[in-house]
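First up is the structure itself, then whatever we jot down about it.
Just so it is clear, none of the values below were taken in a lab; they were calculated from the coordinates. In this text the structure is predicted, and so the values were computed from the model without any measurement. Counting neighbours? That spans all protein chains shown, and the Cβs are built from the backbone with ideal geometry, glycine included.
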Amino acid sequence: MKRLLALLAIFATVLGTTAASGPRPAAAADCRAGHTSTACPGPAEGPAADTPVGVNGRLHVCGVNLCNRYDRPVQLRGMSTHGIQWFDGCYDAASLDALAREWKSDLLRIAMYVQEGGYETDPARFTDRVNALVDMAEARGMYALIDFHTLTPGDPNHNLDRAKTFFASVAARNAGKENVIYEITNEPNGVSWPAVKSYAEQVVPVVRAADPDSVVIVGTRGWSSLGVSDGSDEQEIVDNPVDTTNLMYAFHFYAASHTDAYRSTLSRAAARLPLFVTEFGTVSADGGGAMDAASTTAWLDLLDGLKISYANWTYSDAPESSAALRPGTCAGGDYSSSGVLTESGALLQNRISTPDAFPTG
């Protein structure tokens with residue numbers, strides 16, 4: 001179900017904005033922009049009391065729901081970055097200010113690709129950048145969903161050692177924070193559920209060793225479709241779940257490609273499994289084509305009714321119709337005006353910016 005990126009177009013965009021968007025070693029200017037590393041400490045104070053993190057605190061799983069400090073079910077609504085190896089320049093202080101203030105986003109999903117020029121090329125640099133974005137989200141009262149973005153190859157066990165190294169590091173570093181959620185594998189594909197489960201059974205303990213009370217999300221087979229895109233369904237997980245607490249299962253959809261059959265599966269599964277839509281698009285599964293407003297609205301209404309949290313793909317100016325920002329926005333630095341939004345971005349901002357009404361009693 002993954003976007004088959006128009007890589008030549010993306011590379012053209014990236015090459016045209018290298019100075020603005022390429023990941024850089026931390027320096028004084030980076031610290032001012034919100035980067036953190038050993039040279040750039042995180043924020044000294046926690047999130048404001050009236051922000052999503054300030055209201056809800058550390059989250060946990062209760063039954064099939066994501067729940068807040070008051071043991072009440074909550075729904076987080078937010079946006080996913082694009083691959084930070086390509087669009088890092090889209091995620092500076094101004095960008096995240098707009099996401100928190102104009103969008104009133106509850107969370108930022110940090111999509112750290114492992115392959116395709118990502119983590120495997122420079123683990124220390126990508127780990128530092130993820131930690132920086134966690135801090136920037138925390139300072140604005142947003143939850144940070146750390147996405148170990150595995151896609152090709154589809155078997156997450158290919159990256160098992162990398163995952164253990166990465167999650168040992170970020171969990172130890174961020175264990176004291178209330179805003180961090182861990183997504184340990186993005187879209188398993190071409191692999192069985194038992195293989196995905198085996199991966200989870202080895203990576204979840206690594207997270208728990210450093211951050212024992214955190215929420216962890218594991219991808220499901222068939223590009224995180226609960227197996228639907230492979231001709232299966234949620235029953236294989238119901239019959240053979242990962243045996244741990246505070247665990248949720250990822251579900252992904254692209255509204256123009258995945259309609260009633262997928263919605264029926266989600267509705268049925270939500271009564272038996274804790275679900276989190278860590279990624280979805282308003283367009284076709286390849287990230288392109290026209291936005292399907294009717295299907296997107298049907299999906300969002302369903303997620304709202306079930307209190308299932310979600311992150312939209314993507315808060316970026318990528319040259320694909322799934323992007324929320326018009327091409328060139330990140331180079332221009334204006335994220336607050338309505339003129340920078342694509343059709344998809346306008347629809348999502350309108351949905352996300354409505355009041356959360358988080359329960360506190």
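What the table below lists for this structure:
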read-out	value
Derived scalar couplings ³J(HN,Hα) [the range 169-182; Karplus, 6.51 cos²θ - 1.76 cosθ + 1.60; whole Hz; x for Gly, Pro]	6, 6, 5, 5, 6, 10, 4, x, 8, 8, 9, 9, 10, 10
Residue-averaged [θ]222 nm for the chain, counting only DSSP H segments that reach four residues, each worth -39500 (n - 2.57)	-10500 deg cm²/dmol
Amide H within-cut-off set for Ile217, under 5 Å, with H built and near neighbours excluded	Tyr182, Glu183, Ile184, Met248
Total charge dipole magnitude, the range 59-352, about the Cα centre, Cβ charges on Lys, Arg, Asp, Glu only, Debye to nearest 20	600
Percentage relative contact order, the chain, counting C-alpha pairs under 8 Å, at least six apart	21
Virtual paramagnetic centre 7 Å along Cα→Cβ of Asp97, amide N under 15 Å, in the range 321-361	332-337
Under the Karplus curve 6.51 cos²θ - 1.76 cosθ + 1.60, θ = phi - 60°, whole-Hz ³J(HN,Hα) for the range 275-291, x wherever Gly or Pro sits	10, 9, 7, 6, 7, 7, x, 8, 10, 6, 5, 8, x, x, x, 6, 5
Given (i) 19.9; (ii) 25.6; (iii) 21.4, the label whose value is Kirkwood radius over Cα pairs in Å derived from this model	(i)
Cα centroid separation, the range 107-121 to the range 184-250 (Å)	19
Directionally averaged shadow of the range 214-361, computed from the convex hull of its alpha-carbon atoms, nm²	10.2
Ranking of Arg162, Arg272 by count of other Cβ atoms within 10 Å, fewest first	Arg272, Arg162
